[in-house]
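Undergrad: Structure provided below as structure tokens; questions to follow.
The values are calculated or read from the model by the stated rules, or taken from the named source; none is laboratory data. Please read all numbers here as calculations on a predicted model, not as lab measurements. No Cβ is skipped: glycine too gets one built from the backbone with ideal geometry, and neighbour counts run over all protein chains shown.
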Amino acid sequence: MVKPGQINTLVIVEKTPFGAYLNAGNQQLIFARNAFLPEHSDVGDAVEVFIFQDNDGKLQVADPEQSVAVGKFARLTVVDVNKVGAFVDWGMSKDLLIPFAEQSHPLKEGQAPIIYVYRNKADQRVVGSTRLDRFLDKSEHSYKVGDAVTLMVLDKTDLGIKVIVDHLYSGLIHHDDCHQSLKYGDERDGFIKNIRADNKLDISLNKPGIQGRDDLADKILRLLDENDGLLRVSDKSSPELIKKLFNVSKKQYKMALGKLYKDNKIEIAKDFIKKR
């Protein structure tokens, strides 16, 4: 059965010069333009396409790169507000409804809040919500320290920056671990730095531990090669300069320099490092 608002795998039953008809079940066909199909796809091939319902309830194929799937968070722009609720552009011909009851605060046209896209259990319509916390999973997870994750930036707090982890969990980047400029709605790659006793996640933007140190050391060597073997930043340089160049703390930078020096790959002077 086809599930609107997400990627479906459907079989091509007929090809045309402009696209193909896909079997949607129940003797229903959906047309997909060539732009939405894999190159050289043919009759009988199973293809992945993003399906949505238009204003008339008809199933259509959309560009998955321009669309937001059910069960995902995204920052979307409010394009209209009426007596039903607010509507946001989510890459479809039919805008996504955010009912008033699903607004953490009244939305206005032109705003760009983070939205969770979900299927309403009552009528199976795909709608959105800005009441994000209730859609974040509070159950046990299977993450390990060092695991790579995707992040979406939420709010700044006294402790750090709250993020959504893998579109599922809540996480925190502590201020001491944040060496990049992060804005509401930004999407980043990150890593699990620590799993607290209450199962909550501490996040780092850089690989933790030895692997992170070694990756930074490799980056320093590449920059040395690109700059004739010399960089005017040493272990005595300011934290601000190190952050600007490498997006890491001074402590992390000194650990990487220590490895390179121990491996006899660099010389360290007061205001520069030099490749040996």
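Undergrad: Here is a check on your reading of the model: is ASP177 more than 14 Å from TYR143 (Cβ to Cβ), over 15 Å from the mean Cα position of the chain (by Cα) and surrounded by 16 or more Cβ atoms within 10 Å (Cβ to Cβ)?
TA: Yes.
Undergrad: Next question. Out of LYS193, LYS254, LYS236, LYS207, which single residue is exposed (fewer than 13 other Cβ atoms within 10 Å of the Cβ), in contact (Cβ under 8 Å) with a residue 12 or more places away in the chain, in contact with an Asp or Glu (Cβ under 9 Å, 6 or more places away or on another chain) and not hydroxyl-bearing (Ser, Thr, Tyr)?
TA: Step by step, each of LYS193, LYS254, LYS236, LYS207 is checked, and only LYS236 is exposed (fewer than 13 other Cβ atoms within 10 Å of the Cβ), in contact (Cβ under 8 Å) with a residue 12 or more places away in the chain, in contact with an Asp or Glu (Cβ under 9 Å, 6 or more places away or on another chain) and not hydroxyl-bearing (Ser, Thr, Tyr).
Undergrad: Residues in region 16-40 that are surrounded by fewer than 16 Cβ atoms within 10 Å (Cβ to Cβ), hydrophobic (A, V, I, L, M, F, W, C) and either in contact with an Asp or Glu (Cβ under 7 Å, 6 or more places away or on another chain) or in a strand (DSSP E or B) (or both): how many?
TA: 2
Undergrad: Further, regarding this structure: Going through region 69-82 one residue at a time, which ones are charged (D, E, K, R) and either at pLDDT 95 or above or part of a strand (DSSP E or B) (or both)?
TA: Selection gives ARG75, ASP80.
Per-residue answers, yes or no, for (1) over 23 Å from the mean Cα position of the chain (by Cα); (2) of a type in the set (S, T, N, Q):
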{"site": "ARG33", "(1), (2)": "yes, no"}
{"site": "PRO38", "(1), (2)": "yes, no"}
{"site": "ALA62", "(1), (2)": "no, no"}
{"site": "ALA69", "(1), (2)": "no, no"}
{"site": "THR77", "(1), (2)": "no, yes"}
{"site": "ASP89", "(1), (2)": "no, no"}
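Undergrad: Hey, another quick one. Here are VAL43, VAL13: which of them is modelled with pLDDT of 90 or more, in a loop (DSSP other than H, G, I, E, B) and more than 27 Å from the chain's Cα centre (by Cα)?
TA: VAL43
Undergrad: Can ILE203 be described as in a strand (DSSP E or B), under 30 Å from TYR261 (Cβ atoms) and either assigned by TED's automatic domain parsing to the domain that holds ALA112 or modelled with pLDDT of 90 or more (or both)?
TA: For ILE203, the condition - in a strand (DSSP E or B), under 30 Å from TYR261 (Cβ atoms) and either assigned by TED's automatic domain parsing to the domain that holds ALA112 or modelled with pLDDT of 90 or more (or both) - is met.
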